[in-house]
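Below is one structure, written out as structure tokens, with a few remarks after it.
The values are calculated or read from the model by the stated rules, or taken from the named source; none is laboratory data. Fair warning: this is a prediction, and the values are worked out from it, not measured in the lab. Please note: Cβ atoms are built from the backbone with ideal geometry, for glycine as well, and neighbour counts cover all protein chains shown. Please note that ligands, DNA and RNA were not included when accessible areas were found on the heavy atoms of the full protein model with its side chains. Shrake-Rupley method; radii C 1.70, N 1.55, O 1.52, S 1.80 Å.
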Amino acid sequence: MQEPLGTESQMSARERLSGLEIEPEPSAPCTDHSRFRHDPVYDLRSTSGSSDGFYADVSRFSNHLLEEIDLRAGQAVGGYGQYVQSELQEPPRSPGEYSIEFLTLGMVLRLYAGAAFTTPGWVVQGCRSLYRLRQQRERLKPAADFLRAWAIRLFLLPNLRRKAAGRISVAQMPRLIEWLQATGEFEQETARLNHWNSYLGTLPETEAGRCIGSSIRLFGWFQQEADRALGIYTQGVPKFLSGEYAARGCREDHIFCGRQPVEYHVNMVAAEIMNRGLRPAFESKSEKVVLVPGCMRGPYDTFCRGTSTGTDMQCSACSPGCQVNRITRLMRSLGAEVYVIPHSSGFSRWLERWQRSPQVSVIAIACMLNILPGGFEMRARRIASQCVPLDYPGCQKHWHPDGIATGLNEDRLVQILTSPHN
């Protein structure tokens, strides 16, 4: 578990910034959104103008969540962990990571099973084929995305909030997984759900049904409790969904951007709990790198002179006011290199670089909705990692009409890089 923010190590982070003649950029108070045309979709600074309060809140709630999962489904989660290790030959993960998978199972069953069971099979298969095409043929990606956008708009979205009728059985799991694959937004989640489907198939039918029901009830509990504990940080989501999002035309990111507040909350606790499980491996590596999203450049993106070598892109310090420049100088002073990922769609290509470097551990900075799939993918690639969510989103492609420079809690980043595991 990470030590609380505001400790001695955090004060030294501020001192390092001062010593480098880089003053920490003040976070705008939560009542001042002059940098935005509208409130940010989520904002981790909502309590005090700083995200320190968020990290304390999410740590407390994550502890509560793990206790609740252990109480409700400890046997099922433990049995699943043993199964994937012994039968699927997967390296062991922490109990908390298996718990996050169980919560993810409940989430997709509760939120998406109704849509999956009512979408025509030919639509699902067509969307899956288009998604594979965009991955395999870069030249055909624009055309594939255009067709996917219309298919999603016409066939997937109308049923998106429909609830599944009756009890859900193990036999229905493959149809749900195929629908999730058809959206193109749950690639890493479906990989884990395939493992759960395999495990549930080994159980007696009644026991498997109880496990499925338990995951759905757990998610119902989570939805209410997370809203109380973390809802202050997602107050902008309903406004975004009823405003700018509702006015958008046909877009292939409609499902990604249309997530409900509870899905942000799942990613929040996933960041905390997965960081805990991955911490020992992260500390054991001799080299550290930090991956920052291109949206942190904000207006400096248009004249960024970052240097590229293959898939690697690094800051060339062309703009003193650019946050990537600031983060790069700070991280280098602590012995870590920084690389820029222009967009999350290229995340997997960048990870291949670090998958081939077993002596390196990675800190990935990402938008909140990319935390869970990014964590799953780095774990699957056996990359020792940690993650830091952006304090608020701002990329032009998904969240802001003009695009703004996103930010993060720099003290948290320094703490993750330098503080020993407790």
TODO: Any chance you could look up the accessible area of ARG326 with a 1.4 Å probe, heavy atoms only, rounded to 10 Å²?
DONE: 20 Å²
- [ ] Compute, for VAL289, the solvent-accessible surface of its heavy atoms (probe 1.4 Å) with the complete set of protein chains present, and express it in square angstrom to the nearest 10.
- [x] 10 Å²
TODO: Please work out how much accessible surface HIS64 shows to a 1.4 Å probe, ignoring ligands, DNA and RNA, in Å² rounded to 10.
DONE: 70 Å²
- [ ] Hand me the GluC sites (Glu not before Pro) from region 62-107 located in a DSSP loop with no more than 12 other Cβ atoms within 10 Å, in residue order please.
- [x] GLU87
Open item on the list: Can you sort ILE216, ILE371 by solvent-accessible area, 1.4 Å probe, largest first?
Closed with: ILE216, ILE371
- [ ] Work through the residues other than PHE282 whose Cβ is under 11 Å from its Cβ and net out their charges, Lys, Arg +1 and Asp, Glu -1.
- [x] +3
- [ ] Scan region 335-422 for trypsin sites (Lys or Arg not before Pro) in coil per DSSP, keeping those whose Cβ has at most 16 other Cβ atoms within 10 Å, and list them by number.
- [x] ARG356, ARG381, ARG382, LYS397
TODO: Rank these by accessible area, largest first, 1.4 Å probe: TRP122, TRP150, TRP350, TRP179.
DONE: TRP122, TRP150, TRP350, TRP179
Task: Å² of accessible area per residue within region 153-212, as computed with a 1.4 Å probe and no ligands counted - done: 50 Å²
- [ ] Amide H neighbours of ALA384 under 5 Å, at least 5 residues apart or on other chains, H built in the peptide plane: list them.
- [x] VAL362
